[in-house]
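The structure appears right after this line, and notes come after that.
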Amino acid sequence: MSIVTEAVAQMEKVTHGTGCQDCNVKIERQPDAPSCQYVRGVNLRIGFGGTASDVVTRYPVETVTRIPFMFGASLESPEQRTAACGIMSVVARFLCLCRKAQACAHEDHARCFENFHSVYEGEKIFVNGDMPDLVRLLGKSVVSSPEEADVIVVGGDGLFSADSLAVTDEYRGKKQMVFIGPSTAGVAAFLNEEHWCPFAR
């Protein structure tokens with residue numbers, strides 16, 4: 001069981017009997033919406049119950065669906081995992097388990113990194129997922145393998161891409177792991193994992 005399917009299973013328990021499973025979820029591209037400075041890809045807006053979450057991914061999907069499509073599913077494709085992570089974020093926000101699931105404004109980008117750097121200064125960091133700007137900003141703090149790291153930072157791609165997801169699964173519980181940005185908010189909320197996105201909306 002991957003961390004994504006584990007989070008889905010936990011969400012199924014939490015939402016059982018709430019009526020959430022009967023409502024539609026809309027996933028659509030929102031290219032002009034603010035997005036996390038660290039990640040690369042297509043910005044998706046997930047709408048549910050009058051609230052919204054954002055996911056940035058290299059595996060975009062657009063659809064109207066319902067939550068139960070995920071329950072018991074293996075979620076083998078990155079597109080399915082993208083949809084599942086977005087849905088978990090918006091449902092967590094709807095249930096007030098997660099307050100922040102949409103990207104901060106551009107003017108918050110500098111202080112986001114400054115705060116991140118101050119918290120993890122001196123740590124050896126492995127960046128898991130496609131986050132070239134974070135790698136550039138962290139500079140010499142970045143290590144080339146998760147085995148060398150004190151902290152593993154997981155972006156959305158660390159849940160969507162098969163190779164990066166394998167790293168997340170292998171080192172979860174063995175290394176300090178920090179999930180970053182709105183794309184990972186739902187998984188972090190349902191599994192009570194450390195999440196970094198201080199200025200999200």
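Dipole of the stretch 1-90, Cα-centred, from +1 at each Lys and Arg C-beta and -1 at each Asp and Glu C-beta, to the nearest 20 debye? Working shown, then result.
Details: 8 positive and 9 negative charges, 22 e Å.
The dipole of the stretch 1-90 has a size of about 100 debye.
So I have (i) 146; (ii) 208; (iii) 103, and one of them is volume of the Cα convex hull per residue in Å³ calculated from this model. Which one is it?
Label (iii) holds the value from this structure.
As a check on your grasp of the helix formula, calculate [θ] at 222 nm for the chain: sum -39500 (n - 2.57) over DSSP H runs of n ≥ 4, divide by the residue count, round to the nearest 500. Walk me through the intermediate numbers first.
Working: 7 runs with 70 residues, N = 201.
Value at 222 nm, helices only, nearest 500: -10000 deg cm²/dmol.
Report the antiparallel proportion of the DSSP beta bridges in the chain as a percent, rounded to a multiple of 5.
Details: 15 of 27 bridges.
For the chain, the DSSP antiparallel bridge percentage is about 55.
Here, each number is a calculation from the coordinates, and none is a lab measurement. As the structure is a computational prediction, the values presented were derived from the model and not from experiment. Because the Cβ atoms are built from the backbone with ideal geometry, glycine has one as well, and the counts that use them run over all protein chains shown.
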